[in-house]
1. If a residue must be touching a helix residue (DSSP H, G or I) at 6+ places or on another chain (Cβ under 9 Å) and either within 20 Å of A:Gln66 (Cβ to Cβ) or not assigned by TED's automatic domain parsing to the domain that holds A:Leu71 (or both), how many such residues does segment A:102-115 contain?
2. Is there any pair with a first residue in segment B:40-62 that is within 12 Å of chain A (Cβ to nearest Cβ) and touching a residue at least 24 places away in the same chain (Cβ under 8 Å) and a second that is surrounded by fewer than 20 Cβ atoms within 10 Å (Cβ to Cβ) and assigned to a helix (DSSP H, G or I) whose Cβ atoms are under 9 Å apart and which are 6 or more apart or on different chains, and what are they?
3. Looking only at segment A:449-465, decide whether some residue is modelled with pLDDT of 80 or more and touching a helix residue (DSSP H, G or I) at 6+ places or on another chain (Cβ under 9 Å).
4. Of the residues that make up segment A:122-134, is at least one facing chain B (nearest Cβ under 9 Å), in contact with a Ser or Thr (Cβ under 9 Å, 6 or more places away or on another chain) and either part of a helix (DSSP H, G or I) or under 25 Å from A:Arg513 (Cβ atoms) (or both)?
5. If B:Asn34 meets every condition in (1) in contact with an Asp or Glu (Cβ under 6 Å, 6 or more places away or on another chain); (2) more than 11 Å from every other protein chain (Cβ to nearest Cβ); (3) not hydrophobic (A, V, I, L, M, F, W, C) apart from one, which number is that one?
6. How about segment B:64-79: which of its residues are within 11 Å of chain A (Cβ to nearest Cβ) and either surrounded by 20 or more Cβ atoms within 10 Å (Cβ to Cβ) or not hydrophobic (A, V, I, L, M, F, W, C) (or both)?
7. Would you pick out the residues in segment A:483-539 that are basic (Lys, Arg) and within 11 Å of chain B (Cβ to nearest Cβ)?
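The values are calculated or read from the model by the stated rules, or taken from the named source; none is laboratory data. These numbers come from a predicted model, not from an experiment. As a convention, Cβ positions derive from the backbone with ideal geometry for all residues, glycine included, and neighbour counts pool all protein chains shown.
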Amino acid sequence: MTNSSSRFEAFAPGLAVILLLAGAAGAVMADMPTVALCLIAAAAAGTAVVLVLALRLSAAVRRSIQVARALGEGDFEVRDLAFDQWGQAGELTEAINDMADHIDAFVREASAAMEAVRLNRYYRRILPNGMKGALLRASTTINEATDVIQERVEAFEISTDEFGATINSIVESLVDASRDMGGAATRLGEGASSTDQRASDAASSSSMASGDVQRVAQAAAQLTGSAREVGREVERSAAIAREAVSRADETQRIVAGLSEAAEKIGAVIGMIEQVAGQTNLLALNATIEAARAGEAGKGFAVVAQEVKALASQTAAATGEITRHISEVQAATRAAVGSIAGIGGTIAEINAITADMRGSIEAQIAATTEIAQGVGNASEGTRQVSDRIAGITGIARETSALAQGLFSTSGALSAEGDRLAVTVREFLVRLRRGPLDRRQAAERVPGGHAVTIASARGSFQATCVDISMTGGRFGGQLPDLRIGDDVHITGEADIDVPATIRWIRDGNIGVEFRQAEMTPAASNRLRRLVSKGRAMTAAA
Amino acid sequence: MKPRIQPTSEEITFLPDEIIVSKTDLKGRITYANSTFSRICGYSRAELMNAPHSIIRHPDMPRCVFKLLWDQLAEEREVFAYVKNMARTGAFYWVFAHVTPSFGSDGKVTGYHSSRRVPDRRIVREVIEPLYGELLRTEAAHASPKDGLVASFAQLMNIVKSKAASYDELIFSL
């Protein structure tokens with residue numbers, strides 16, 4: 001319909017002019033000048049119509065060429081704004097605008113969907129409504145690709161989450177274990193040093209005990225010696241006692257002989273007393289006789305007197321001797337009794353001595369045993385001392401090992417923490433690795449002043465360079481640490497949250513925390529980067 | 001100005017493979033409208049050109065939705081929105097609008113572009129109409145339009161926050 005009407009629009013006026021001109025030629029040949037003139041006039045009018053139509057179409061074509069050129073150059077803003085024209089010119093305008101609209105819509109949709117993927121937002125899909133043919137197929141392909149990327153990213157997120165969780169749990173176990181190990185090492189060290197102390201105490205006690213035992217051994221040896229000496233003394237006193245017993249027996253015999261002799265003297269003294277009595281009697285007779293003889297007998301009477309005195313003296317003397325002998329006999333009897341007593345006592349002593357000898361022998365045996373035992377004890381204490389010295393050495397070694405173990409456990413724990421941080425950072429980078437790499441190339445020079453606020457204070461800095469994901473800043477840096485969260489504000493007073501990733505040569509590198517960024521902040525960042533890029537390109 | 005158009009209950013529909021396209025300058029004045037746009041809204045292209053885009057604004061639309069739209073555009077971000085528009089006759093038509101900034105060769109925003117498609121009728125009926133009704137009531141409940149806008153915008157943001165990470169995500173999850 002459109003085609004036939006278009007064809008009609010294109011050919012009808014021309015055909016009419018040709019027919020009119022042919023009619024005019026016929027009229028001239030038929031010699032009908034009026035008709036011919038009329039037809040020529042009509043043909044001229046038709047030619048004018050053809051001309052106008054041709055100019056209209058030509059203008060529409062020119063506008064279409066402009067739109068098509070702009071589209072070819074990637075400018076989708078240009079449209080043919082000569083609306084609502086009838087015929088082919090209007091159709092051309094609408095067709096070219098419709099084409100531009102569809103391509104424009106597709107480009108906007110596709111780039112927005114891809115931009116969303118770039119920012120790790122996977123909910124954004126190209127809306128297929130209104131898309132046709134190859135554009136619809138391309139939209140479907142891009143949406144399917146986004147689905148696949150989303151699935152992969154989700155699977156990747158799950159894997160990295162799991163990996164992170166596993167590593168974290170391993171590190172936690174490691175840190176726990178190393179903390180336990182540190183605790184054990186501390187206790188071990190304490191134990192070892194306590195052992196060392198106790199061993200030292202024991203060593204000095206044992207050394208003292210050893211000295212005591214030594215002295216006891218000496219004392220025991222002396223005791224044995226003394227006991228032997230006592231034994232010998234007892235033996236000698238037993239011998240003396242035995243000698244005394246035999247002497248006492250002899251004395252008894254001698255005293256018995258003495259008693260016999262005294263009795264014999266007594267008998268002799270009796271005879272002497274008899275003689276003295278008779279003598280006295282004779283003297284008495286002589287005196288009587290002399291008295292009768294008177295003067296002749298007078299001298300004799302003197303002799304008789306003297307004999308009488310002599311006899312009296314003898315009698316007195318014998319009496320005294322008798323008394324003495326009685327005394328001697330009494331003394332002898334007493335001596336015999338005493339000697340017999342002494343003999344009994346000595347026999348008793350002898351018996352006791354024999355007993356004593358047995359005791360002393362037992363004592364000697366006992367002290368010998370004691371001495372031997374003490375000797376063994378001394379050897380024992382010496383060995384104990386040696387072993388304690390060994391224990392002290394081992395305790396010191398253990399203490400040193402425990403110290404080493406403790407520092408190792410500390411190092412282990414620190415390594416564990418470092419591992420956790422490294423893995424966390426690795427996962428963060430891994431998740432956005434391709435993005436980072438892509439945008440690292442888009443780093444543009446900075447130069448503007450910013451304020452960086454952190455928990456350690458706020459300070460002025462200058463932006464060295466910047467990208468969509470992070471930036472480098474220099475200035476009078478306070479004591480910052482890798483991993484510190486900071487907030488960066490520039491002249492536009494827009495807060496950009498970031499995390500310090502490295503500190504080097506007076507500069508810090510930060511990664512922007514895009515998830516926490518306000519749209520205004522992301523937008524400001526995007527403008528900064530694109531401005532920088534434009535300036536770099538211009539330079 | 002033109003006499004106020006009285007909205008009617010007549011609904012105009014268009015085909016799923018059609019797109020209503022318009023471009024505006026930075027102030028929202030129409031610089032291009034395609035034939036579908038002209039056909040659906042009933043204004044000629046001559047009438048549409050240089051007219052404010054609000055020419056097709058329907059009184060059932062809460063103002064906070066347009067605030068959100070312009071806020072996002074000011075951040076150079078694309079916006080999706082379900083919009084109820086009003087034709088010259090007072091009839092209405094629902095669209096799912098995708099509005100994006102247009103950039104010049106120097107990277108600066110030169111204007112805005114809107115592609116409008118047939119929306120999912122189920123979403124409009126079950127989600128959008130009740131939501132917009134509520135926002136509209138909030139706006140009407142305040143004496144000053146400014147306060148009403150603040151309140152309804154806060155309400156919209158709360159609803160977004162309770163359902164999804166962002167407005168965009170919420171729109172795509174419907």
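1. First, pick out the residues of segment A:102-115 that are touching a helix residue (DSSP H, G or I) at 6+ places or on another chain (Cβ under 9 Å): A:102-106, A:109-110, A:113-114.
Going one step further and asking which of them are either within 20 Å of A:Gln66 (Cβ to Cβ) or not assigned by TED's automatic domain parsing to the domain that holds A:Leu71 (or both), we end up with A:102-104.
Result for segment A:102-115: 3.
2. As it stands, the answer is B:Tyr43/B:Ile55; B:Leu48/B:Ser38; B:Leu48/B:Ile55, since those pairs meet every condition given.
3. Taking segment A:449-465 and keeping what is modelled with pLDDT of 80 or more, we get A:449-465.
In the following step, the residues that additionally are touching a helix residue (DSSP H, G or I) at 6+ places or on another chain (Cβ under 9 Å) were identified as A:463, A:465.
Looking for residues that are modelled with pLDDT of 80 or more and touching a helix residue (DSSP H, G or I) at 6+ places or on another chain (Cβ under 9 Å), one finds at least one in segment A:449-465, hence yes.
4. yes
5. Result: B:Asn34 passes all but (2).
6. B:Asp71, B:Gln72, B:Glu75, B:Glu76, B:Arg77, B:Glu78, B:Val79
7. If the condition is that a residue be basic (Lys, Arg) and within 11 Å of chain B (Cβ to nearest Cβ), then A:Arg524, A:Arg526, A:Arg527, A:Lys531, A:Arg533 are the ones that fit.
Conditions tested, residue by residue: (1) in contact (Cβ under 8 Å) with a residue 40 or more places away in the chain; (2) closer than 30 Å to B:Phe80 by Cβ.
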position: A:Arg108; (1), (2): no, yes
position: A:Asn120; (1), (2): yes, yes
position: A:Arg125; (1), (2): no, yes
position: A:Leu136; (1), (2): no, yes
position: A:Asn143; (1), (2): no, yes
position: A:Ser169; (1), (2): no, no
position: A:Gln197; (1), (2): no, no
